[in-house]
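Okay, structure first, notes after.
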Amino acid sequence: MRQSALFTKTRREAPRDEEAKNAQLLIRAGFVHKEMAGVYAYLPLGLAVIEKIKQIVREEMQSIGGQEIIMTSLQRKELWEMTDRWDDKKVDVWFKSTFKNGSEVGFGWSHEEPITDMMKHFISSYRDLPAYVYQFQTKLRNELRAKSGIMRGREFVMKDMYSYTADETAHKAFYDSAIAAYLRVFERVGLGDRTFLTFASGGAFTQFSHEFQTLSDAGEDTVYLHRAKKLAINKEVLTDEVLAQLGVARGELEEAKAIEVGNIFDFGGVKSKQLGLFYKNEAGEEVPVHLGSYGIGITRLMGTVVEALSDEKGLVWPENIAPFALHLVSLGKDGDEVSRAADTLYDDLVKAGKDVLYDDRDLRAGEKFAESDLIGIPKRIVVGKDAAANGIFEVVDRATGAVSRESREKLLAK
């Protein structure tokens, strides 16, 4: 992509009403546009990051047997009444409306009920189990506070997966595989060294759950870490009973702030009993299907990467989720020797299948470098007079600032 044609524009200052660092930087760098509090539009650079995160999550969900679907965001009132989660006093994040015929409808904040109801058409026998489905879905939640940028939005993209198994044993095996898959996701997006499996409350879902918490001063949660065991306990469930269950002592734990980037729930057979999802076992007996639920906020994860890895100059994207792997910056003027050398290198990089953004604009070098730092692409290749003359290019690592000098052949081969 030539930057002169890219639909984006950087800004010197963040909006005055935006408190969260992630949103400030993403808006300034031209990745998102703020519509209102907690609601953001994603521009080409931002969408590229989202799609790369989704692909990583997709690969890991498929690696454990998940199959992708997409459900509607419209929710039938009667399903949620059957599980006692329609009442605003029980679930306080509903957006609701009314059809023209007078019937009420909700807008999806989660999907356990409709997917479980759908499964009644596909599961009737033990031979139909297990079933694992997931989706990338735009969720709507009527959050009271929307001050954390894209980390706590009223509209956001979520990956939610649901497992339907015959019994606790089969569920536990899949649940453990989902934990391992989630940890791989966080490793691949650059947060592996600071993300912990965390024992937590189930909230509106179950009594207890597991969260995945990423250490950050921007976090809304307080967790207690056991670094040696690579686990944490959410402050809300820090009790002697939980400590004993996990086999840790209070004195071994370290308090920290963290951002919840994923959660998983074990519903057992409760949800299936409420909604009438049963299967016949080998003895012909009707048994409720065992349900598990597994969520990762895709846009929330993007915001967490910004909070955790950005620096005083701007965004710092890990290579796996960066909008582009390379930022080619030409210091020439239109038609001069430097510009021609940059054009040729750009064409060669594209032909070699490299993921490159080419800053071909007629701007001062300092302005280009500042924007490059703000956008945060992992590697910057600079084409100046020396490079045009000798074919050796300066390559800057955005995360470390390290500078190397590399030939055209080496750049194309990497």
Filter the stretch 4-25 down to the residues that are hydroxyl-bearing (Ser, Thr, Tyr) and touching a residue at least 40 places away in the same chain (Cβ under 8 Å) and list them by number.
Ser4, Thr10
When you scan the stretch 315-414 for strands (runs of 3 or more DSSP E) that lie fully inside it, which ones turn up with 1 or more residues that are surrounded by 20 or more Cβ atoms within 10 Å (Cβ to Cβ) and either of a type outside the set (D, E, K, R) or touching a helix residue (DSSP H, G or I) at 6+ places or on another chain (Cβ under 9 Å) (or both)?
326-330, 356-359, 379-383, 392-397
Residues that are part of a loop (DSSP other than H, G, I, E, B) and under 28 Å from Val157 (Cα atoms), drawn from the stretch 274-314
Leu277, Val289, Ser310, Glu312, Lys313
Taking the criterion of being closer than 22 Å to Gln213 by Cβ, crowded, with 21+ Cβ neighbours inside 10 Å and in contact with a Pro (Cβ under 8 Å, 6 or more places away or on another chain), would at least one residue in the stretch 282-304 satisfy it?
no
Could you list all residues from the stretch 35-56 that are small (Gly, Ala, Ser) and not in a strand (DSSP E or B)?
Ala37, Gly38, Gly46, Ala48
Select the strands (runs of 3 or more DSSP E) contained entirely in the stretch 129-218, then report the ones holding at least 2 residues which are under 28 Å from Met36 (Cα atoms) and among the charged types (D, E, K, R).
155-165
Per-region count, the stretch 74-112, residues assigned to a strand (DSSP E or B) and touching an Asp or Glu at 6+ places or on another chain (Cβ under 7 Å)
2
In the stretch 319-370, the residues that are of a type outside the set (D, E, K, R) and touching a Pro at 6+ places or on another chain (Cβ under 7 Å)
Ala322, Ala325
Return yes when Met71 is outside any strand (DSSP E or B) and under 14 Å from the mean Cα position of the chain (by Cα) and no when it is not.
no
Consider the stretch 231-241. How many of its residues are of a type outside the set (S, T, N, Q) and either buried (at least 16 other Cβ atoms within 10 Å of the Cβ) or not assigned by TED's automatic domain parsing to the domain that holds Gly219 (or both)?
5
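The values are calculated or read from the model by the stated rules, or taken from the named source; none is laboratory data. Predicted model, so just to flag it, every value in this text is computed and none were measured. Every residue, glycine among them, receives a Cβ derived from its backbone with ideal geometry; neighbour counts consider all protein chains shown.
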